[in-house]
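One structure is given below, encoded as structure tokens.
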Amino acid sequence: MTARERIAGNVANYVDERTGAAAWMKKNLNKVFPDHWSFLLGEIALYSFIILLLSGTFLTFWFDPSQREVIYDGEYQPLAGLEMSAAYASTLDISFEIRGGLLMRQIHHWAALFFMVAIVVHLMRVYFTGAFRKPREFNWIIGVGLLTLGIVEGFLGYSLPDDLLSGTGIRIAEAIIQAIPVVGTYLAFFAFGGAFPGEAFIPRIFIVHVLILPAIFLALITVHLMLVWYQKHTQYPGPGRTEKNVVGYPLMPVYMAKAGGFFFVVFGVTTFIAAVASINPIWLYGPYTPGQISAGSQPDWYMGWLDGLVRMAPPLESYLFGYTISWNILIPGLIIPGLMFTGLALYPFIESWITGDKREHHLLDRPRNAPNRTAIGAMALTFTLVALINGGNDIIAQQFDLSINQIMWFSRIGIIVLPPIAFVITKRICISLQRSDRELVLHGKETGRLVRLPHGEFVEIHEELSPEKKWLLTSHEQNGPLELPEIDKSGVRRPSAIRNKLRSRMSQANAEVAPKVTGKDLNEIEHH
Amino acid sequence: MKRLSRYRRHRAAAPTLLVFALLAIGTTFSVASATPNKSALALARSAVIEEGKQLFLKGCSSCHGLNAEGGAIAPSLIGVGAASVDFQVATGRMPMADMSTQAMRKEPVYTPEQVAALAAYVASLAPGPEIPGDELLNYERDGSLAEGGELFRNNCAMCHNFAGQGGALTQGKYAPTVMGVEPVHIYEAMITGPQSMPVFSDKTITPEEKLSIIKWIKAAEAEPALGGASLGRVGPVTEGLLVWTLGIGMLIGVAVWLAMKAR
């Protein structure tokens, strides 16, 4: 034993004798994680969050969250001598006068975009592989909460500098608050401390942005990760992988090294992009004044689809009992997003109601083996994508010499027509892929080698799959639809007949698959 | 009279009369000879106008009418002024390549001299806004940068974007970029209001303020990309595009590499 080892041992022993950490560490450092690139997507979100905390803290040292009017006397000449809020002036100072300030601002903003992208991509992975099924429904809901709060947090963040673009965004947010029937006007006055823009809003959203929401994020992320820890990570199906085990590498040292290294890669990539690509150049936007607006004013991408929905809404307004109801803002700005997020959060429960499956699942589905779920996901993504495209309709029209009106009509029709088409096409593709899997298991891989038999016939050599591969392609479950008879055993119509009818219709749609290869099929092949 | 006739036979009378006569003749001559000079200038001017008219008849009259009176597909040019012609023709917008939504900027068809001739011809039809001279256009001296930015955001950014990159209007029309546009053409656009653009008269925006706007535009044009690649200065759309392609692409690439089994 070298001196170094002895010292390390003594220190460890000292700590263990006082905390009893050794047993806990031994157990948890040996915890096994399955290895797949798609399991790292959530980590990107986590690391982006850490980058956001670090860079955001830096920015708070100089940012002045105040709408007090000041005269700019800083470095940037095109704005010299203009009246602006202290928030905007201090953001200009961070950009031009604080050493490394512009880089930090850009790291912070790019990291925010990465954070949201990673959340969405991670959500897609969890959804399409069915990782949200029992026992992980709560974690799914926490994830949806993080997504929603992320959108709010991002919006508040880029609203802080009080530049012309972000002020326009706040104005739209105010309009959406005002569109809430009856109480909207009062809520808007409450939020802004009076008429728009007032002087209260920036200080308020600053506290929400740097204190309240990050605290909620920290709490939710902690619970999110603790649940992953407690419930163990899901894994893709494969030989030796069951619902009762986890196959992978231990946390220490392999995963520790990989995850730790990946943090630095994420930090590096974010910094690289922040160093070479400008983001939110507020000095070009100018200070916010309610009388000004720029062509092509856009929110960040995670708000873009909401903006797109509002942009495509036809001008509907009613006047009821002395109250104006702006349906054109209420429906796309509040009702549709509300329905979408609720549907997203409740999806695990809806699916288990349809399938009647109440069992635990730790093995993931290949997306093709759950055609209905995959198709619903494609449908939701198509809806959001059409809305997002319409959110950038003016930029698209300008860059590609198109008519903004045509893009709007494409979106208005497309948002209704395209999602069902995406559903059907995705479902068909999934079922075809299942058929091709079946073909592969039954007849092996086509090698392209042609052989001429003695009697002149040409045949192609098919190479049989390895047992592992066959296992992978046949191990998934295929449960038939729920049996929900309208008439019970005594010949009486069930009281819940309509609900059951709906449920059984959905269950049938859900169970539509290409039958997988069974042992019987293989035996038949043997006999040929 | 009596007083004057008393000097009738004075010895200085004759030379004085001679001086008067010579003066009268000289003045008359110079006045008379000045007239042919002025008419020579007018002649040259009318020659330019004539050249412009010929160019107009060849290149413009099929749409704008033989006397620039306009027609079913093109407006009358009577009273639009030289500034309008200079803007439309020198930026290549006129003659139009096709009758689409809006005349777009392209390589000019006419030489500067021909443009001047066309402008002179159209200006000769009726008074209208004139082409601002170089002395008027000294924006570096007479303009104010920050004020120009404020004016630009107040009056121009709503169509031309916050950084003058241009923007979309309804039905396929658009506000073009103001980057790389000659100062004289920016000025002319403001006083003539081409296509969908409103006229900004000298009462709305004074000539000095117009120069401030030009000064700000030219500064924005020359401004280096301060935070790295500018991504087109069109706002968050291109930023979102970058993060969804290159950004997450790089990270997923690294994730795939990290999750690969050691061979």
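The values are calculated or read from the model by the stated rules, or taken from the named source; none is laboratory data. It should be emphasised that the depicted structure is a prediction, and the values quoted were computed from it without experimental measurement. Positions of Cβ are backbone-derived with ideal geometry, glycine not excepted, and every protein chain shown enters the neighbour counts. Accessible surface areas use protein heavy atoms only, side chains included; no ligands, DNA or RNA. Shrake-Rupley method; radii C 1.70, N 1.55, O 1.52, S 1.80 Å.
Short-range pairs are left out: with C-alpha atoms under 8 Å and at least six residues apart, the relative contact order of the stretch A:29-300 is 32 percent.
Evaluated with a Cβ-only charge set (Lys, Arg +1; Asp, Glu -1), the protein assembly as shown carries a dipole of roughly 660 debye about its Cα centre, given to the nearest 20. Which pairs in the list A:134/A:232; A:445/A:469; A:27/A:232; A:134/A:244; A:26/A:232; A:258/A:470 are over 19 Å apart, alpha-carbon to alpha-carbon? From A:134/A:232; A:445/A:469; A:27/A:232; A:134/A:244; A:26/A:232; A:258/A:470, over 19 Å: A:258/A:470.
Annotation note: trypsin sites (Lys or Arg not before Pro) in the stretch B:196-242 located in DSSP loop regions with a Cβ neighbour count of at most 12 within 10 Å are B:203. Overall, the ratio between the Cα radius of gyration of the stretch B:97-158 and 2.2 N^0.38 Å, rounded to two decimals, is 1.57.
Projecting label points 7 angstrom from Cα along Cα→Cβ for residue A:353 and residue B:182 puts them 7.0 nm apart.
Each Lys and Arg contributes +1 and each Asp and Glu -1, all at the Cβ; summed about the Cα centre of chain B, the dipole is approximately 1320 debye. Taken over chain B, the convex hull of the Cα atoms encloses 256 Å³ per residue. Counts of other chain beta carbons within 10 angstrom of each beta carbon in peptide A:394-403 average 6.
Between B:253, B:133, B:70, the GNM of chain B built on Cα springs shorter than 10 angstrom shows B:253 fluctuating the most. For the stretch A:393-504, the alpha carbon convex hull comes to 298 Å³ per residue, rounded to a whole number.
When both the stretch B:176-225 and the stretch A:245-259 are represented by their alpha-carbon centers, they are found 62 Å apart. Peptide A:353-363 is shielded by partner chain Cβ atoms: per residue, an average of 0 of them sit within 10 Å of its Cβ.
Radius of gyration over Kirkwood radius for the stretch A:253-365, both on Cα atoms: the Rg/Rh ratio is 1.14. Enter the angle in degrees (range 0 to 90, nearest 10) between the Cα long axis of helix B:207-222 and the first principal axis of the Cα atoms of chain B, meaning the one along which they spread out most. The angle comes out at about 40 degrees. Each residue was assigned an accessible area with a 1.4 Å probe, and for residue B:69 the value is about 90 Å².
Using C-alpha pairs under 8 Å with a sequence gap of at least 6, the mean separation divided by the residue count of chain B gives a relative contact order of 16 percent. Calculated [222 nm] ellipticity per residue, helices only, for chain A: -20000 deg cm²/dmol; basis is -39500 (n - 2.57) per DSSP H run with n ≥ 4, divided by all residues, nearest 500.
Residue separation of residue A:246 and residue A:316 scaled by 0.36 nm, minus their Cα-Cα distance, works out to 19.7 nm of gained length. Taking chymotrypsin sites (Phe, Trp or Tyr not before Pro) in DSSP loop conformation with at most 15 other Cβ atoms inside 10 Å as exposed sites, chain A has its longest uninterrupted site-free stretch at A:63-320.
In order along the stretch A:58-69, the Karplus-derived 3J(HN,Hα) couplings, from 6.51 cos²θ - 1.76 cosθ + 1.60 at θ = phi - 60°, round to 4, 5, 5, 4, 10, 6, 10, x, 9, 9, 4, 6 Hz, and Gly and Pro are given as x. What do you get for the angle between helix B:248-259 and the principal long axis of chain B? Use alpha-carbon atoms, 0 to 90 degrees, nearest ten. So the helix axis and the longest Cα principal axis differ by about 20 degrees. Residues of the stretch A:385-407 falling in the label zone of residue B:158, defined by backbone nitrogen less than 18 Å from a point 7 Å along Cα to beta-carbon, are A:394. On a straight-distance basis, which lysines could pair with residue B:203 in a cross-link, Cα separation under 20 angstrom, same-chain partners fewer than 8 positions away excluded? Answer for residue B:203, where 20 Å is the Cα cut-off: B:215, listed by chain and number. Between 0 and 90 degrees, the angle of helix B:183-192 with respect to the longest Cα principal axis of chain B falls at about 80 degrees. Only lysines eight or more places from residue A:489 in sequence, or on another chain, were considered; those with a Cα closer than 23 Å are A:501.
Across chain A, the longest piece that holds none of the GluC sites (Glu not before Pro) lying in DSSP loops with up to 16 other C-beta atoms within 10 Å covers A:98-198. Given +1 at the Cβ of Lys and Arg, -1 at the Cβ of Asp and Glu and no other charges, the dipole of the stretch A:33-99 around its Cα centre is 140 debye to the nearest 20.
When the residues A:493, A:4, B:105 are ordered by accessible surface, computed with a 1.4 Å probe over the protein chains alone, the sequence from largest down reads A:4, A:493, B:105.
Note on residue B:41 and residue A:508: the model spin-label points, each 7 Å out from Cα along the C-beta direction, lie 9.6 nm apart. A cut-off of 5 Å between modelled amide H atoms, ignoring neighbours fewer than 5 places along the same chain, links residue A:325 with A:318, A:319, A:320.
Which one, A:269, A:517, A:294, projects farthest toward the positive side of the charge dipole computed for the protein assembly as shown from Cβ point charges (K/R +1, D/E -1)? Most positive-ward Cα: A:517. Highest GNM mean-square fluctuation among B:16, B:27, B:238, for chain B modelled with Cα contacts below 10 Å: B:16. Each label point was placed 7 Å from the Cα along the Cα-to-Cβ direction; for residue B:14 and residue B:78 their separation is 6.5 nm. As a length-normalised measure over Cα pairs under 8 Å and 6 or more apart, the relative contact order of chain A settles at 16 percent. Compare B:236, B:129, B:176 in a GNM of chain B, Cα atoms joined below 10 Å, and give the one with the largest fluctuation. Residue with maximal mean-square fluctuation among B:236, B:129, B:176: B:236.
Taken over the protein assembly as shown, the percentage of Cα pairs per 10 Å bin, counting from 0 up to the bin with the maximum distance, is 2, 10, 16, 18, 16, 13, 10, 7, 4, 2, 1, 1, 1, 1, 0, 0.
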